[in-house]
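Since the structure comes first, as structure tokens, the remarks are kept for the end.
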């Protein structure tokens, strides 16, 4: 029976010493913030305190202009608490009156409009439309993008449905976060899950950018900011480590930010 005592001693030392390390969590500590899925679009959404049309459309990966059109909201896209927004199913109801009204206009104008008049009216109207379209397109291409903060990219963009919709940049607590391009702040708050303290900047009708996990937000909604202007301090709200999560959306859809940012 003497051999039992050494065996019991070994068992006791193993359970007291190495057990805690065996149970320690193993995984990508701090990297989970980039694994965001765009929320499934509901039929309707009730506006809550702190929401903007931009933050709601951002959450569901939708173009804010389309969401505004469906709900009959005009610029500057003001919404109010308790308002119900529809994401789909209301397009037919909005198109029906416009189609009926246009058909009525055709019935009235056909007998009164002679053949040569539409030709003279079409020329001046087509020219400004083309100019405005071209100007908005070139404006989106001429944005001067810059890195929003200093640090290493620790998580890259993924095009998969379960992948990250932006990049994560490591950094120190309180270091500057700057606007990646000039624009207008359209959201400043912490109402989006897993983004922490978040800023969304509208650069033009095509591009938006987002800055998440900030420690402090230094600009408010409605403020116009310049490229390189300090807008926040780096933090870890909504995540486990100090980092900046940065996204760019084009017409409401996520794109790889590193395709727009200058090479480091």
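Taken over segment 248-264, the criterion of being part of a strand (DSSP E or B) and crowded, with 16+ Cβ neighbours inside 10 Å is satisfied by 248, 249, 254, 255.
Could you list all residues from segment 25-47 that are in contact with a helix residue (DSSP H, G or I) (Cβ under 9 Å, 6 or more places away or on another chain) and at pLDDT 80 or above?
Let us first name the residues in segment 25-47 that are in contact with a helix residue (DSSP H, G or I) (Cβ under 9 Å, 6 or more places away or on another chain), namely 38-39, 45, 47.
Answer for segment 25-47, where residues must be in contact with a helix residue (DSSP H, G or I) (Cβ under 9 Å, 6 or more places away or on another chain) and at pLDDT 80 or above: 45, 47.
In the set (1) modelled with pLDDT of 95 or more; (2) over 22 Å from residue 52 (Cα atoms); (3) in contact with a strand residue (DSSP E or B) (Cβ under 9 Å, 6 or more places away or on another chain); (4) loosely packed, with under 14 Cβ neighbours inside 10 Å, the condition left unmet by residue 236 is number (4). For segment 123-142, the criterion of being out of contact with any strand residue (DSSP E or B) (no Cβ under 7 Å at 6 or more places or on another chain), surrounded by 10 or more Cβ atoms within 10 Å (Cβ to Cβ) and modelled with pLDDT of 95 or more is met by no residue. Do we have any residue at all in segment 206-221 that's closer than 28 Å to residue 68 by Cβ, modelled with pLDDT of 95 or more and surrounded by fewer than 16 Cβ atoms within 10 Å (Cβ to Cβ)? Yes, there is a match, as at least one residue in segment 206-221 is closer than 28 Å to residue 68 by Cβ, modelled with pLDDT of 95 or more and surrounded by fewer than 16 Cβ atoms within 10 Å (Cβ to Cβ).
The values are calculated or read from the model by the stated rules, or taken from the named source; none is laboratory data. Nothing here was measured: the structure is a model prediction, and the numbers come from that model. Cβ: placed from backbone, ideal geometry, glycine included. Neighbour counts: every protein chain shown.
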